[in-house]
Amino acid sequence: MNAPQRKSPDESPDPGRWLDDHGDYLFKYAVFRLRDNNAAEDAVQETFLAALKAYKQFEGRGSERTWLVGILKHKIVDHFRRAGREAPLGEEPDEGSDHREFFERPEPWQGHWNNDYAPNEWHATPAELIERNDFWKVFNDCLSPLPQRTASAFTLREVDGLKSEEICEILSIKVNNLWVILHRARLHLRNCLELNWFRPEQ
Amino acid sequence: MAVKLYDKLKHSIRYWLLRTLPTCQQTVEKISQSMERSLSLQERINLKLHLWICAWCQWYLEHLQIIRKTARAKADEPPEFVSGAGLSNEARERIRRRLTNQN
């Protein structure tokens, strides 16, 4: 029987040990999403503080780390909300490039893929890529040059799988703007992955 | 002879479609949107026809799907791939002090 392990009522939380056991993990989780060391440190600290307050509710259900990551997710979303309120995006998303050069061709083929940027076959499956840590390094580096909000929107959508409406609410943007932002992020990231991962010899 | 004629016809249809349908630039934007909302019937027909004649946009769609599947599978795994170590010593000590004061 997998009965949840209950801690005894007098057991007190040990935040020092939490920090040693989970601090680095939580920090990396946060920095991948926030792309800002200071913000990630703050989110980790807020997570531990909230965990101390909420310790009674934890009651040893599930793993400690899963519980802490659950709190951290909320702290990350809080950070995005604050940033969205402080710097609202206007009607037109002027951030990020629409990569017009990808489709520069002489007439009559203007608007079709330029040979230098056209996609090639990748010969890879998600199952293979998941196993490769160096792929994730390239993935992470490719996200770096994007404007912060673009990278946030992309990560919330494609990594965390949030719905469009949720992301719009968190980042205070309109859904049409979100689509434009995601489209630009995808154009950039796909090209960057192809150049740096799938055919680095060129 | 018949094969040659068929090839010629296929080529002409392909050429005509490429000239008539939305461009690759417009199509990749629809491909991206198809991952966010359901496309209208007209949009779907244009997309299907374009993909039928354009390997580049087929790959583009395939790559976006690979990126999504891979990224989501990785969401709750240890983010070991993030460059650099974990918390800096300074941040660790700051957080430790803050937590001790709370306790």
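The values are calculated or read from the model by the stated rules, or taken from the named source; none is laboratory data. The model shown is predicted, which means the values in this text are computed figures rather than measured ones. So basically every Cβ, Gly included, is an ideal-geometry build from the backbone, and we count neighbours across all protein chains shown.
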Scanning region A:172-202 for residues that are under 26 Å from residue B:37 (Cα atoms), more than 8 Å from every other protein chain (Cβ to nearest Cβ) and either of a type in the set (Gly, Ala, Ser) or touching a residue at least 12 places away in the same chain (Cβ under 8 Å) (or both) gives A:172, A:173, A:174, A:177, A:180, A:181, A:184, A:185, A:188, A:191, A:192
All-but-one check, residue A:145 against (1) more than 8 Å from chain B (Cβ to nearest Cβ); (2) at pLDDT below 90, failing number (2)
Taking region B:1-40 and keeping only residues that are among the charged types (D, E, K, R), under 25 Å from residue B:66 (Cβ atoms) and more than 8 Å from chain A (Cβ to nearest Cβ), one is left with B:30
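Tell me which helices (runs of 4 or more DSSP H) are completely within region A:36-144 and hold 3 or more residues being farther than 30 Å from residue B:88 by Cα, or say none if there are none. I'd like the intermediate steps shown before the answer.
Working: elements: A:37-53, A:55-58, A:64-86, A:126-130, A:133-143.
The qualifying helices (runs of 4 or more DSSP H) are A:126-130.
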By residue number, the members of region A:108-123 that are among the hydrophobic types (A, V, I, L, M, F, W, C) and either surrounded by fewer than 16 Cβ atoms within 10 Å (Cβ to Cβ) or more than 7 Å from chain B (Cβ to nearest Cβ) (or both) are A:109
